[in-house]
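Below is one structure, written out as structure tokens, with a few remarks after it.
The values are calculated or read from the model by the stated rules, or taken from the named source; none is laboratory data. Small disclaimer: the values here were computed from a predicted structure and weren't measured. Neighbour counts run over all protein chains shown; Cβ positions are idealised from the backbone, glycine included. Surface accessibility is based on the protein's heavy atoms, side chains included, excluding ligands, DNA and RNA. Shrake-Rupley method; radii C 1.70, N 1.55, O 1.52, S 1.80 Å.
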Amino acid sequence: MDTRFDLFSNELATRFAKRFANAGMVIHQSPLPKATQELVSLRASQINGCGWCIDMHTKEAAAAGESQVRLYLVAAWRESTVFTDAERAALALAEEGSRLADAHQGVSDETWAQVREHYDDDQIAALVCLVALINAANRLAVIVHQRGGSYQPGMFAAALD
């Protein structure tokens, strides 16, 4: 599978990507823990089959000090003991928010209650926006067949300077 279109070399796509990245910076600078941000991004990307984003978020998380064990177990977080209750709530929100077509009712009341229990309003705002943003990023990359494997930590930020 070859990449269909290089979003990084097209002027319009690059302008869009810079604005998209600015939205991401709002979330990155929020009080939502950075580890949670990467875990949520990784889980949504796994669900959506986005190799580019899985590659990026795995490597960015590892570069930030995330353990390999936790990264390996994100796909099976329910059957793992390495995530906090707060992280588990965020991962459940990421799954339910990413699988809207599969779960016609969207995010369950149970998951929402767990999120409310562990996060304040600013963190919840960041978490909801993050789930929406990573799902949009996954769709961009999957549509053009942006393949994973060559990403290096910091590469995306450097491309937007």
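Points to keep in mind about this one:
- Accessible surface for the chain, divided over its residues, is 55 Å² per residue with a 1.4 Å probe.
- Computed from Cα positions, the angle between helix 85-98 and the longest principal axis of the chain comes to roughly 50 degrees.
- Candidates ASP120, ASP85, ASP109: whichever shows maximal mean-square fluctuation once the chain is modelled as a Gaussian network with Cα springs under 10 Å: ASP109
- Across the range 88-134, C-alpha contacts under 8 Å between residues 6 or more apart give a mean separation that, scaled by the residue count, equals a relative contact order of 41 percent.
- Accessible area of HIS28 in the full protein assembly, 1.4 Å probe (Å², nearest 10): 90
- Given their separation in residues at 0.36 nm each and the Cα-Cα distance between them, ALA132 and MET155 gain 6.1 nm when the chain is fully extended.
- Shown in residue order for the range 35-49 are the 3J(HN,Hα) couplings computed by the Karplus curve 6.51 cos²θ - 1.76 cosθ + 1.60 at θ = phi - 60°: 4, 5, 4, 5, 4, 5, 4, 5, 5, 4, 5, 4, 4, 8, x Hz (x for Gly and Pro).
- Net charge of Cβ neighbours under 13 Å - reference VAL82; Lys, Arg +1; Asp, Glu -1: -1
- When the chain is treated as a GNM with alpha-carbon contacts under 10 Å, the residue of ALA137, ALA76, ALA64 showing the greatest mean-square fluctuation is ALA76.
- Accessible area of the chain belonging to carbon and sulfur atoms, whole % at 1.4 Å probe: 56
- Cβ-placed point charges (K, R +1; D, E -1), dipole of the chain about Cα centre in debye, nearest 20: 480
- Bins of 5 Å from zero: percent of alpha-carbon pairs in the range 1-126: 2, 10, 17, 21, 21, 15, 8, 4, 1, 0
- Sequence-separation-based contact order of the range 1-82, relative, with Cα cut under 8 Å and 6+ spacing, percent: 21
- Largest GNM mean-square fluctuation among VAL74, VAL40, VAL26, using the chain with Cα springs under 10 Å: VAL26.
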